[in-house]
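Written below as structure tokens is the structure these notes are about.
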Amino acid sequence: MVNIDWRLRRLGQTAFTAWAVITLSFVIVRMMPGNPMGAMIQQLERRGMDPVRARQLVELRLSIDPTKPIPAAYVDYMVNMVQGNLGQSVYYQESVVDIIAQSLPWTLFVLSWATFISFFIGISVGALMAYWEGGKLDVGLTSWAILMGSIPFYVLAIMLLIFMSYRWGFFPTGGKRPTGIEPGLTWPFISGVIHHAALPILSMIVASGVASLGMRGNAIRVLGEDYLRVARLRGLSDVTISTQYVARNAILPMYTTLLIGIGEMFGGSIVLEQVFQYRGVGWYMLSATYQRDYPLMMGGFVVITLAVVIALLIADLTYGYLDPRARGQESESY
Amino acid sequence: MTVSETDYERTVAHSDPILQMRDTTVSFDMERGESRVLDNVDMDIERNEVLGVVGESGSGKSMFASALLDAVVDPGYLRGDITYNPGDGESVDVLEMSKRERKQYRWEEVSMVFQGAMSSFNPVRDIETHFVETLEAHDYDVREGMQRAKQILSDLYLDAERVLDSYPHELSGGMKQRALIALSLVLEPEVLVMDEPTAALDLLMQRSIISLLENLKERYDLTIVFITHDLPLVADIADRVGVLYAFEFVELGPTEEILEDAAHPYTRMLLKSTPNLESSIENMRPVEGSAPDPVNVPEGCSFHPRCPLADEECIDVDPGPYDAGEGRFVHCHHWEHSAEEIPMEDASETAGLADEGVESRSTKPTPDHEGEEPVLSMQDVEVHFEKDTGFMDFFGDPPAVKAVDGIDLDIYENDVVVLVGESGCGKTTLGKTAVGLQRPTGGSVEYRGDDIWKVRDGDGDGSVSWGHIRRSLQIVHQDPGSALNPHRRNSKILEAPLKRWHDELDGNDRRQRVMSMLEHVGMTPPEDYYERYPHQLSGGEQQRVALIRAMLMNPEVILADEPVSALDVSLRVEMMDLLIELQEMFDTSYLFISHDLANARYIAERTGGRIGVLYLGELVEIGPPEQVINNPQHPYTQALRWATPELDPAEERAEESPIREIDVPDPTNPPSGCRYHTRCPEAREVCTEQTPESYSADTDAPSHRGTCFRMVDDHEYWHSESIVDESKDSFDSAADTGTAPSDD
């Protein structure tokens, strides 16, 4: 009973956030002084277009009718959004939904691997550091993690690009798929895709050394817990203790951080995809900004925000499976 | 008289020890030097005995427990000889075992129950997994083992299926502790080492667990080592008691002998410092001084700096064990004279003891407050905490925890009210409501006739301000360590109230005031303490600072929430004396919270206060201490009385538990009628239907009231049908062949 209530409420919160994001995008387009709408109309007029025609075109592109009163325009906009109509890109002359649908999988591909691998490495290395707390490995890796964590990942990305691609030629210098190969589930194509994604993923992993520090701290805390001492006295095997007792409990605080991290990575992907000329959502967002392609920018903004909101929802809803204490919000003590 | 080591060996040789400890030392290397936390200890644990080990915190008692399992945590270093005699096989040297042997020895032969049952289970795995993985790790048959586990759990009065399905956080503290005991017994060990197994629990639960332990010991043929700081607690269960002081045993002997005729001065003083219900208040004395630092244990007898009997010999020569007869061994040169020098029952002053508060250490009769104007008056106060609800809960009332449910209580000038009850009974909530820290959801709290929450909201008649009320009602917390800001010096902490409320004082005056207060509470030289940070103080000193801080506000009522339970046993009486002294000096009233009836009695009898007993948010009995303790009207008070450990073992063992259920009912869904009827041995039909009012007790104290039908002579209760199932009226009657409690 209680669980369902709580989940429904959480779902309600997510719906509210999504609504707020979309409304905000509407407000930005419509209300901002020197607003995107006016800017677009001016742009078109400067190209010698008839003002009335320009206005119609903008209306079509942004899914906002500037002549309608705000409430009615808002309703139209929301209806369009719900129907999945994000408008028409000015620069690419394509529907925004299509552009995002084509580019989002690539970004997700890079992000999910980068997140997954860096999380995995962070946990393993952090656990090792905790186990040999104060030892050489611990001190060395701590310094390394701090160093890597303090260098912006795009600087690292450029360094990697210089050495791994331009100097030594291990990896392609840009792009997201091999040229001259028919897309499909063939090995040459798939290996080519991985080959292209390797450097962006690598640069994100190297920069995320801080995760291991978090894990280290958690693991050290768990190692001092009473239940660990009891488990040792009970004669449980080292494998059980390290996986079910130490790792399981130390990961708990990392889990939410992981999914929040996806949001940060989306932001980072804008720069990263630029560096590697990797045409994902981030690349299109930046290019749309240069081109003053407002519909595409807005669409990207809405989609990325929704992705983060959904990631957080997933984190919240699944946390209970990891930590029984969080199942339902009240303790069922009897 | 001195017996040599070999004599000692010989005396115990004809016994059958299951564990033998010789010259066992546990040390830690510290920057300040070698810290010996167990110092050349010899001990024989006899087969099938219950050995009680008593010591204050920092006496090495946990190290003793760890050493028995060769489980001293790094970087501690354990050396000496520990021999395990299984009885039907060869003796084993515990410290020379291979990894395999040690794994077998731990838990299969000797298992352990830790103090922190709250944190002894992996929070992300259910209880059943803990049992299964233990059985698997030791290659036991899991199915058979789980059968055994269920049996043990039900022997401990737990619903086995339900507990096994639960996660640790879903169980109450008492349930977790019992589940942990079951877990430690699942491999059928010979020896069970229990390190403060009940310290974090309520008295009633402690006592219940101890009576269960006696049954378990018989049924599973156990040897139990029971380690505690609470001497009266082991009196019930232990066959022999060993007293630890400064990392070695100072006395060892049969329980009766130790309790009635302790030979070591420390044991005698410890006994006298322990509040209990039987011995008279005049006899209770704190042990002066403090326990030694493990790096720097005094030469000779380690107790000599605190001992009234100490002479040159004690300073020079470490007293070996003296055989005091009847299996008793004492590490004291003057053990024969200790009984004269430190009499247990003597109100006259003895040299070197208790030089403060001599004339005030007496009982005061509880005055009749009839007609007096109360300082603080609570009428029908209710505090209901609503459980967190989703926005889908439109229908139906959300379940509420009725932490406080309809309590009337008046606190007068110079009054002391001690609230006792189990955890979760609402005593802290009631206390916070009284001093205006918790807003009641019903009823009123009046300060000298003004409703404090009306004043707070600006609806008062303007005669008193909220600031005035806030200042008049103060609080002293249970844990002084977290009640003081760690980043501020004592000077800042203590001057803050003066700055706020006494504008007329300049810096110098403030300093003078704080200094004199510090000196008054025994923190000398005050200049030294003035500039210290809280972490540079001991627990007792921190509590003193917290107390002074409250006192400097010149309050009229202080809520003291378990102010002594974080302190060592020997310091408690001292702290309570100080509280009482300050009360007289500052003319304040106390609302005291305690889970311990013995402490409650001490405070209430010395100040002429009252004891109030709370159960599930209701005040079930209130009255003068001698009435509540000696003539309890409510069956719940009688149960608390039973649960308070006594120093007279012979009398107590015969008694049978007066409660039918160990665990407190769910507070979100309290029982109908009288809330105690589910556990009450006297419950009848009418108790499940009608809620008893507050009746005046038929005693000569007018302030003695209780809420039980049994207090009314011609109540229909007496014609009602009993609901007590005679076959299982008390939870440990299965083992005891006691009779069912009679009705009058």
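The values are calculated or read from the model by the stated rules, or taken from the named source; none is laboratory data. In this text the structure is predicted, and so the values were computed from the model without any measurement. Reconstructed Cβ throughout: ideal geometry from the backbone, glycine too, with neighbour counts over all protein chains shown.
Within region A:223-244, is even one residue within 13 Å of chain B (Cβ to nearest Cβ), assigned to a helix (DSSP H, G or I) and either touching a Cys at 6+ places or on another chain (Cβ under 8 Å) or of a type in the set (Gly, Ala, Ser) (or both)? Scanning region A:223-244, I find at least one residue that is within 13 Å of chain B (Cβ to nearest Cβ), assigned to a helix (DSSP H, G or I) and either touching a Cys at 6+ places or on another chain (Cβ under 8 Å) or of a type in the set (Gly, Ala, Ser) (or both), so the answer is yes.
The sole residue among B:Asp195, B:Asp202 that is touching a His at 6+ places or on another chain (Cβ under 6 Å) and crowded, with 18+ Cβ neighbours inside 10 Å is B:Asp202. When B:Leu571, B:Leu567, B:Leu591 are screened for being in contact with a Leu (Cβ under 9 Å, 6 or more places away or on another chain) and among the hydrophobic types (A, V, I, L, M, F, W, C), only B:Leu591 passes. Only helices (runs of 4 or more DSSP H) whose full extent lies in region A:245-334 are considered here, and the ones with at least 2 residues that are of a type in the set (Gly, Ala, Ser) and over 30 Å from A:Glu59 (Cβ atoms) are A:248-275, A:294-322.
Taking region B:238-278 as the range and being among the polar types (S, T, N, Q) and either touching a Leu at 6+ places or on another chain (Cβ under 7 Å) or assigned to a strand (DSSP E or B) (or both) as the test, the residues that pass are B:Thr274, B:Asn276. Taking each residue of region B:681-698 that is over 21 Å from B:Pro658 (Cα atoms) and looking for partners that are of a type in the set (Gly, Ala, Ser) and crowded, with 20+ Cβ neighbours inside 10 Å with beta-carbon atoms closer than 8 Å, six or more apart or interchain, yields B:Ser694/B:Gly706; B:Tyr695/B:Gly706. Of all residues in region B:143-159, those that are surrounded by fewer than 16 Cβ atoms within 10 Å (Cβ to Cβ), away from every other protein chain (no Cβ under 14 Å) and of a type in the set (Asp, Glu) total 1. Scanning region B:179-216 for residues that are assigned to a helix (DSSP H, G or I) and within 19 Å of B:Ala65 (Cα to Cα) gives B:Leu180, B:Ile181, B:Ala182, B:Leu183, B:Ser184, B:Leu185, B:Ile210, B:Leu213. Just one of the listed residues (B:Leu484, B:Leu473, B:Leu494) is more than 30 Å from B:Met378 (Cβ to Cβ) and buried (at least 19 other Cβ atoms within 10 Å of the Cβ), namely B:Leu494. For region B:38-60, a residue qualifies if it is over 18 Å from B:Asp239 (Cα atoms) and in contact with a Leu (Cβ under 6 Å, 6 or more places away or on another chain), and the qualifying residues are B:Ser59, B:Gly60. Condition test on A:Gly140, is it of a type in the set (Gly, Ala, Ser) and at pLDDT 85 or above? For A:Gly140, the condition - of a type in the set (Gly, Ala, Ser) and at pLDDT 85 or above - is met. The C-beta contact set for region B:153-169 (first residue closer than 17 Å to A:Tyr227 by Cα, second residue charged (D, E, K, R) and part of a loop (DSSP other than H, G, I, E, B), distance under 6 angstrom, 6+ apart or interchain) comprises B:Tyr167/B:Asp126. With the structure loaded, tell me whether A:Val271 is surrounded by fewer than 17 Cβ atoms within 10 Å (Cβ to Cβ) and either β-branched (Val, Ile, Thr) or closer than 30 Å to B:Pro665 by Cα (or both) or whether it fails that test. Yes; evaluated as a whole, the condition is true for this residue.
Just one of (1) within 9 Å of another protein chain (Cβ to nearest Cβ); (2) in a loop (DSSP other than H, G, I, E, B) fails for B:Tyr140. It is (1).
Of all residues in region B:457-471, none are within 18 Å of B:Pro374 (Cα to Cα) and among the aromatic types (Phe, Trp, Tyr).
Filtering B:Leu591, B:Leu640 for residues that are hydrophobic (A, V, I, L, M, F, W, C), buried (at least 24 other Cβ atoms within 10 Å of the Cβ) and farther than 24 Å from B:Val664 by Cα leaves a single hit, B:Leu591.
Of the helices (runs of 4 or more DSSP H) contained entirely in region A:125-210, those carrying at least 3 residues that are touching a Lys or Arg at 6+ places or on another chain (Cβ under 9 Å) fall at A:136-150, A:187-207.
Give the residue that is modelled with the highest pLDDT, with candidates limited to residues of region A:56-87 that are more than 24 Å from the chain's Cα centre (by Cα) and crowded, with 19+ Cβ neighbours inside 10 Å. Within region A:56-87, the match that is modelled with the highest pLDDT is A:Tyr77. Name the single residue that is farthest from B:Val557 (Cα to Cα) among those in region B:580-601 being under 14 Å from the mean Cα position of the chain (by Cα) and assigned to a strand (DSSP E or B). Applying the filter and picking the extreme gives B:Ser594.
Scan region A:245-266 residue by residue and report those that are out of contact with any Gly (no Cβ under 8 Å at 6 or more places or on another chain) and more than 11 Å from every other protein chain (Cβ to nearest Cβ). Selection gives A:Tyr255, A:Thr256, A:Leu258, A:Leu259, A:Ile260, A:Gly261, A:Ile262, A:Gly263, A:Glu264, A:Met265. Within region B:75-94, is even one residue on the phi < 0 side of the Ramachandran plot, within 14 Å of chain A (Cβ to nearest Cβ) and not small (Gly, Ala, Ser)? Yes.
Here B:Arg500 meets the list (1) at pLDDT 85 or above; (2) in a helix (DSSP H, G or I); (3) closer than 24 Å to B:Tyr533 by Cα almost entirely, failing just condition (1). Do we have B:Asp70 as away from chain A (no Cβ under 14 Å) and not β-branched (Val, Ile, Thr) here? Taking the combined requirement at face value, the residue does not satisfy it. Would you confirm whether any residue within region B:681-701 is in a loop (DSSP other than H, G, I, E, B) and under 30 Å from B:Asn554 (Cβ atoms)? Taking every residue of region B:681-701 in turn, none turns out to be in a loop (DSSP other than H, G, I, E, B) and under 30 Å from B:Asn554 (Cβ atoms).
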